[in-house]
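Encoded as structure tokens, the structure appears first; notes follow it.
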Amino acid sequence: MVDAYRLRSPLDHLGLTARAQAEAEYSGTGVVLSEIAHLCLINIRGDASDPAFIAAVEKSIKLTPPTAPNTVAGKPSQSRIMWLGPDEWLVITKPGRGERAMAELWKNLKDGKLHAAVTDSSEARTCIRIEGPRAREVLAKGCPIDLHPSAFGPGQSAQCIVAKCGVMLVQTAQAKDTAGTYELYVLRSFATYLWTWLEDASQEFGVRVA
Amino acid sequence: MFLITCPWCGEREESEFTYGHEAHITRPEDPSALSDDEWADYLFMRKNPKGPHLERWVHTAGCRRWFNVQRNTHTNAIMAIYKIGETPPKATTAGNKS
């Protein structure tokens, strides 16, 4: 883990905090963009068919690794675990909680003498959240996944391409109208590109930073 | 552009995948025992058919897993998709018509 005082978001240079304050009054915008910086991301690999592995993960983070492809377990307000592959998951926790989760996972997987890997990849990615009544339309401009509520909803995820850029896409909420809330976990070297692409694609609907 | 059904992630656009060439080519047990011709045959010679072809693909932008595809190289029709280690389907003429 990087010391907290050394953490720098890849979007720091865009001055998003100041923009969020300045744009808080904007009304009638179709899209709201924000960055969720410094989330703890822990990559886990192991054998999903081994009950001892599943139990060790459950004991460590109080979440069951989902075996259904493209799903996320847990509540967005707390820790979550995302399916990445038949033997691979990503734990997403709040800033500052990663160290403890890492230690617990290490200990329980090691105690069980399990063939598994735990890797902290927090600094590899940042999270861009896109919400608002037109968010889905903006994503549809650059993402081949069918995001219609009948095909994609809260708790579902996809590792896919948005504007030629590889992302982990998660839907966290779906309002009764067309509004959905999505999170895009993007590699930090692509973050500025993806943010500016999203902002540009949102212009026609009205956009503000939160 | 066509759709490929990843055995794990489901139907996705081709741009998420990478082609991995002909499948089921076994590396010789003892390469040093082979003649140059036999080694070259293993290394370079491929079937390159016009019609059904067994090949490997990887879901690069998704779950990053390798799998096998039986594709008609003439029409691009995907005839079968099966996981690594599974038995390849028998050659068929399905998908020959465009």
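Listing for the model above:
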{"item": "Checking B:Asn68 against (1) part of a loop (DSSP other than H, G, I, E, B); (2) under 30 Å from A:Leu184 (Cα atoms), the condition it does not meet", "result": "(1)"}
{"item": "Selection status of A:Met102, assigned to a strand (DSSP E or B) and surrounded by 14 or more Cβ atoms within 10 Å (Cβ to Cβ)", "result": "no"}
{"item": "Matching residues, region B:61-76, being more than 7 Å from chain A (Cβ to nearest Cβ) and over 16 Å from A:Pro86 (Cβ atoms)", "result": "B:Val69, B:Gln70, B:Arg71, B:Asn72, B:Thr73, B:His74, B:Thr75, B:Asn76"}
{"item": "Single residue of region A:168-210 satisfying the filter (closer than 17 Å to A:Glu137 by Cβ and of a type in the set (Phe, Trp, Tyr)) that is surrounded by the most Cβ atoms within 10 Å (Cβ to Cβ)", "result": "A:Tyr182"}
{"item": "Whichever residue in region B:24-65 is assigned to a loop (DSSP other than H, G, I, E, B) and touching a helix residue (DSSP H, G or I) at 6+ places or on another chain (Cβ under 8 Å) and, among such residues, is nearest to A:Asn43 (Cα to Cα)", "result": "B:Gly62"}
{"item": "Output for region A:153-203, where each listed residue is over 17 Å from the mean Cα position of the chain (by Cα) and touching a residue at least 60 places away in the same chain (Cβ under 8 Å)", "result": "A:Glu199, A:Ala201, A:Ser202"}
{"item": "Single residue of region A:54-77 satisfying the filter (over 21 Å from A:Trp106 (Cβ atoms) and assigned to a loop (DSSP other than H, G, I, E, B)) that is farthest from the other protein chains (Cβ to nearest Cβ)", "result": "A:Ser77"}
{"item": "Top-ranked residue in region B:1-60 [being of a type in the set (Phe, Trp, Tyr) and within 29 Å of A:Pro144 (Cβ to Cβ); ranked as nearest to the other protein chains (Cβ to nearest Cβ)]", "result": "B:Trp8"}
{"item": "Breaking point among (1) surrounded by 11 or more Cβ atoms within 10 Å (Cβ to Cβ); (2) out of contact with any Lys or Arg (no Cβ under 7 Å at 6 or more places or on another chain), for B:Thr26", "result": "(1)"}
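Just so you know, all these numbers are worked out from the coordinates, no wet-lab data involved. Predicted model, so just to flag it, every value in this text is computed and none were measured. Cβ atoms come from the backbone with ideal geometry, glycine included; neighbour counts cover every protein chain shown.
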